[in-house]
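Please read the structure below before turning to the comments.
The values are calculated or read from the model by the stated rules, or taken from the named source; none is laboratory data. From a predicted model like this one, the values you see are computed outputs, not experimental measurements. Please note: Cβ atoms are built from the backbone with ideal geometry, for glycine as well, and neighbour counts cover all protein chains shown. Protein only, heavy atoms only, side chains kept; ligands, DNA and RNA dropped before computing areas. Shrake-Rupley method; radii C 1.70, N 1.55, O 1.52, S 1.80 Å.
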Amino acid sequence: KDPARLAAFYASDATFVDPSFELDLKGPDQIAALFEKVFKKYESLDFEIGHTTRAGDDLIVEGIMIGKISGKTVRVPFVSIFHFRDNKISAQRDMFDVTHFLVQLGAIPPPFGPKPTATSSPTPVQK
């Protein structure tokens, strides 16, 4: 995981936007700096790609980010949208399920309460 090597895949005027984390980066240097921070924060980091869609110069990637941070393994759904120009990434837009991430870290409770277990039965709806 080499931030400079990864940044080399980006055009000189590339943009990287992630509204989930309020990122609006411009150029390979800022993008490499982000990768540097991310790689330092995680003890391990991998991606399971579940689906890709290509349309012209655009590529959409859907998957699960699997990382170990502060001793906890998190599995976070994401979607990345890439636009290519001259065989380089000219724009990237990422969206992560931040709520799911924070619940797994124990930073916030599940927004809809704990998941039901296989042995629990649904609560009847009263009319």
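In region 4-50, the qualifying residues are those that are part of a strand (DSSP E or B) and of a type in the set (Ser, Thr, Tyr), and the one that is least open to solvent (accessible area, probe 1.4 Å) is Tyr10.
Of the candidates Ile89, Ile60, the single residue that is of a type in the set (Val, Ile, Thr), touching a residue at least 24 places away in the same chain (Cβ under 8 Å), outside any loop (DSSP other than H, G, I, E, B) and in contact with a His (Cβ under 9 Å, 6 or more places away or on another chain) is Ile89.
Just the residues that are surrounded by 15 or more Cβ atoms within 10 Å (Cβ to Cβ) and touching a Ser or Thr at 6+ places or on another chain (Cβ under 8 Å), please, taken from region 64-76. Spell out the reasoning first.
Of all residues in region 64-76, those surrounded by 15 or more Cβ atoms within 10 Å (Cβ to Cβ) come to 64-67, 69, 74, 76.
Of everything in region 64-76, those that are surrounded by 15 or more Cβ atoms within 10 Å (Cβ to Cβ) and touching a Ser or Thr at 6+ places or on another chain (Cβ under 8 Å) turn out to be Ile66, Gly67.
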